[in-house]
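Q: First the structure, then my questions, so here it is.
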Amino acid sequence: MLKIYNTMTRQKEVFKPIEEGRVRIYTCGQTVYDDVHIGNARTYSSWDVVIRYLRYKGHDVFHVQNFTDVGHLTDDEDQGEDKIEKRAREQKINPWELIDKQIQEYWQVIDDLNIHRPNISPRATTLIPDMIEIIQILLEKGYAYEVKGNVYYDTTKFKDYGKLARLKLDEEKAQARVAQDPLKKNYFDFALWLNARKGDQIHTMRWNSPWGEGYPGWHLECSVMGMKYLGDTLDIHCGGIDHIPTHHPNEIAQSEAATGKKFVNYWMHAEFITLNGKKMSKSLGNYVTARELIDEYSGLVVRMGLVSGHYRSAVDWNPQVIENAKNNIEKIRNCLNAIENSSGGSENTLEEAIENVRKDFEESMDDDFNNPKALAAIYEFIKKINSSLDNKKEILIKARETLLELLGIFGLDFIKKEEGIDIKLNKLMDIIINIRDKARKAKNYEISDEIRDKLKEAGIQLEDTPDGPRYSLFFKK
Ligand code: AMP
Ligand code: ZN
């Protein structure tokens with residue numbers, strides 16, 4: 001039985017999806033103004049493991065993740081400037097160009113880290129009409145108010161606003177905030193829609209609305225996307241711990257006020273990565289990008305570093321994390337090679353270990369996705385394999401398959417990728433060689449030679465040997 005730590009109740013709860021066998025999951029995505037740093041990557045890797053494990057357990061998982069491409073202001077609290085517009089201005093490019101560039105880079109990192117892409121990853125800017133519709137509902141129901149082309153959510157109208165974050169809705173703070181921002185009525189109120197004009201500045205990304213030209217507040221997109229693609233109630237909603245005090249309470253307030261239904265059954269939050277003990281954050285300029293680490297150590301090593309800890313434990317990213325990851329990868333590779341090179345014996349002592357590792361792995365993962373414990377079970381299993389290479393070859397092969405399958409749930413693919421491409425290339429070459437054979441048999445040497453020459457141009461050498469045609473890849477100098 002899978003148990004998930006639910007931030008809402010602050011305890012581990014048995015996971016029960018709304019619909020048996022189906023899981024609707026939403027994860028807060030990237031604000032696409034800067035590169036993916038290793039903290040972001042760790043959070044996304046954690047959700048990838050959650051999703052892979054749910055699929056392993058037989059659930060049909062539908063995963064939605066947003067791209068924040070508008071409305072996320074520099075101080076996270078509806079103050080300051082739009083992060084994307086600010087960065088685009090600094091780089092002297094159009095915000096839309098910046099967004100495209102960052103999304104491309106994002107996918108490259110995600111693919112290199114072997115994080116499965118979500119089923120849908122909409123950009124906030126593609127859902128403006130849906131956002132306007134929800135704002136209108138909130139206004140009609142009395143949960144929102146308009147001031148000078150801005151629309152705010154009135155948090156005093158929503159019972160339980162502070163529930164997720166266990167906030168004490170303290171009046172003194174409220175007074176302080178009202179003094180700072182005269183447009184808001186209460187301290188915790190937040191923007192649903194912002195006027196495109198601020199003084200003599202105009203926001204480049206802006207849309208017509210019943211309140212004049214403007215753009216949406218940051219929190220709205222997640223409510224709107226979640227409900228549009230997953231329904232009024234989601235099974236699981238994930239994000240980093242930074243979303244507990246503001247972003248997620250705001251999502252709950254918007255969605256539940258609009259639908260009158262519970263928005264999310266299980267809230268999951270990932271702890272932060274720190275760098276030399278300090279919060280890793282783009283706005284503080286204190287970060288390492290995922291790209292630089294992948295280029296230096298490979299996606300596999302970085303991924304191993306990212307999934308080695310528990311998602312609810314903070315990690316300080318220091319050189320030891322990479323060292324450990326490298327050592328563990330070598331340990332796994334050595335074991336896989338040892339199996340490959342062993343011709344096997346007559347023993348069958350590994351069979352029990354194969355059953356046990358799966359059991360231990362599942363027990364650990366069922367306990368709120370305890371990666372370190374599940375990995376420890378795998379390393380024990382590796383030790384056992386290394387001392388059992390005299391087992392029958394078919395048992396060794398089964399051990400190898402189990403190892404690869406369980407590692408795959410952490411997104412650690414040791415063989416599959418290369419094998420996949422190799423097998424496809426072999427199949428493709430078989431097809432080409434057959435066609436060339438047919439041409440030769442029909443004495444159509446013009447075609448058969450053309451095939452051979454074209455392959456050569458593409459770096460594939462085709463030779464006719466006494467055992468039949470054989471191909472090899474070569475690299476042109
Ligand atoms: P952002 O692009 O800042 O909106 O963040 C994207 C995702 O990364 C969110 O789920 C954040 O909670 C998460 N995140 C941001 N900083 C860190 C960090 N230092 N460690 C772990 N996760 C983070
Ligand atoms: Zn969100």
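The values are calculated or read from the model by the stated rules, or taken from the named source; none is laboratory data. All figures in this text were calculated on a predicted structure; none of them were measured in a lab. Cβ coordinates were reconstructed from backbone atoms using ideal geometry, including for glycine residues, and neighbour counts include every protein chain displayed. Side chains are part of the model used for accessible areas, which takes the heavy atoms of the whole protein and leaves out ligands, DNA and RNA. Shrake-Rupley method; radii C 1.70, N 1.55, O 1.52, S 1.80 Å.
Q: May I ask you to list the residues in region 72-119 that are buried (at least 18 other Cβ atoms within 10 Å of the Cβ) and aromatic (Phe, Trp, Tyr)?
A: Within region 72-119, Tyr106 is the sole residue that qualifies.
Q: Which of the residues spanning region 214-231 are charged (D, E, K, R) and more than 13 Å from ligand 2 (Cβ to nearest atom)?
A: Listed by number, the list holds a single entry, Lys228.
Q: Now, a different point. Counting only residues that are assigned to a loop (DSSP other than H, G, I, E, B) and either charged (D, E, K, R) or not assigned by TED's automatic domain parsing to the domain that holds Lys198 (or both), how many does region 145-170 have?
A: Count: 8.
Q: Determine whether Asp69 is under 12 Å from the mean Cα position of the chain (by Cα), crowded, with 24+ Cβ neighbours inside 10 Å and not hydrophobic (A, V, I, L, M, F, W, C).
A: no
Q: Inspect all residues belonging to region 40-63 and state whether any of them is outside any helix (DSSP H, G or I) and within 16 Å of ligand 2 (Cβ to nearest atom).
A: There is at least one residue in region 40-63 that is outside any helix (DSSP H, G or I) and within 16 Å of ligand 2 (Cβ to nearest atom).
Q: Just checking, how many residues over region 200-225 are away from ligand 1 (no atom under 16 Å from the Cβ) and either under 15 Å from Ile252 (Cβ atoms) or not in a loop (DSSP other than H, G, I, E, B) (or both)?
A: So the answer is 6.
Q: Quick one: Leu230 ticks every box in (1) closer than 25 Å to Arg42 by Cβ; (2) within 16 Å of ligand 1 (Cβ to nearest atom) bar one, so which box is it?
A: Single failed check for Leu230: (2).
Q: Quickly run through region 120-144 and pick out the residues that are crowded, with 18+ Cβ neighbours inside 10 Å and in a loop (DSSP other than H, G, I, E, B).
A: Ser121, Pro122, Tyr143
Q: Name the residues in region 350-392 that are farther than 30 Å from Cys238 by Cβ, of a type outside the set (Asp, Glu) and exposed (fewer than 14 other Cβ atoms within 10 Å of the Cβ), would you?
A: Lys383, Asn386, Ser387
Q: Please verify whether region 421-437 includes one or more residues that are assigned to a helix (DSSP H, G or I), open to solvent by 20 Å² or more (accessible area, probe 1.4 Å) and in contact (Cβ under 8 Å) with a residue 40 or more places away in the chain.
A: The answer is no, given that none of the residues of region 421-437 is assigned to a helix (DSSP H, G or I), open to solvent by 20 Å² or more (accessible area, probe 1.4 Å) and in contact (Cβ under 8 Å) with a residue 40 or more places away in the chain.
Q: Now a separate question. Please enumerate the residues belonging to region 83-110 that are in contact (Cβ under 8 Å) with a residue 12 or more places away in the chain and more than 13 Å from ligand 1 (Cβ to nearest atom).
A: Passing the criteria: Glu85, Lys86, Ala88, Asn94, Pro95, Trp96, Leu98, Gln108.
Q: Now for a separate question. Condition test on Leu234, is it within 16 Å of ligand 2 (Cβ to nearest atom) and in the same structural domain as Gln11 (by TED's automatic domain parsing)?
A: Yes: the conditions hold for Leu234.
Q: Is one or more of the residues making up region 323-341 part of a loop (DSSP other than H, G, I, E, B), of a type in the set (Asp, Glu) and not assigned by TED's automatic domain parsing to the domain that holds Arg52?
A: The answer is no, given that none of the residues of region 323-341 is part of a loop (DSSP other than H, G, I, E, B), of a type in the set (Asp, Glu) and not assigned by TED's automatic domain parsing to the domain that holds Arg52.
Q: Considering only residues of region 15-39 that are part of a strand (DSSP E or B) and over 30 Å from Glu81 (Cα atoms), which is nearest to ligand 2 (Cβ to nearest atom)?
A: The residue in question is Ile25.
Q: Now, a different point. Kindly list, by first and then second residue, each pair from a residue in region 211-229 that is touching a residue at least 12 places away in the same chain (Cβ under 8 Å) to a residue that is among the aliphatic types (A, V, I, L, M) and open to solvent by 10 Å² or more (accessible area, probe 1.4 Å), limited to pairs with Cβ atoms under 6 Å and residues at least 6 apart or on different chains.
A: From residues that are touching a residue at least 12 places away in the same chain (Cβ under 8 Å), the pairs are Gly214/Leu194; Tyr215/Leu194; Val224/Ile134; Tyr229/Ile120.
Q: Quick check on my filter: what residues within region 233-247 are under 20 Å from Ala41 (Cα atoms) and either more than 11 Å from ligand 1 (Cβ to nearest atom) or buried (at least 24 other Cβ atoms within 10 Å of the Cβ) (or both)?
A: Listed by number, the residues that qualify are Ile236, His237, Cys238, His243.
Q: While we're looking at this one, here's another question. How many of the residues in region 189-227 are open to solvent by 20 Å² or more (accessible area, probe 1.4 Å) and more than 29 Å from Asp160 (Cβ to Cβ)?
A: 13
Q: For the structure I just gave you, tell me whether Thr43 is within 14 Å of ligand 1 (Cβ to nearest atom) and under 25 Å from Lys228 (Cβ atoms). First the steps, then the outcome.
A: Numbers: within 14 Å of ligand 1 (Cβ to nearest atom): yes; under 25 Å from Lys228 (Cβ atoms): yes.
Taking the combined requirement at face value, the residue satisfies it.
Q: Here's another thing I want to ask about it. It is to be established whether one or more residues within region 288-310 are within 10 Å of ligand 1 (Cβ to nearest atom), outside any helix (DSSP H, G or I) and open to solvent by 40 Å² or more (accessible area, probe 1.4 Å).
A: no
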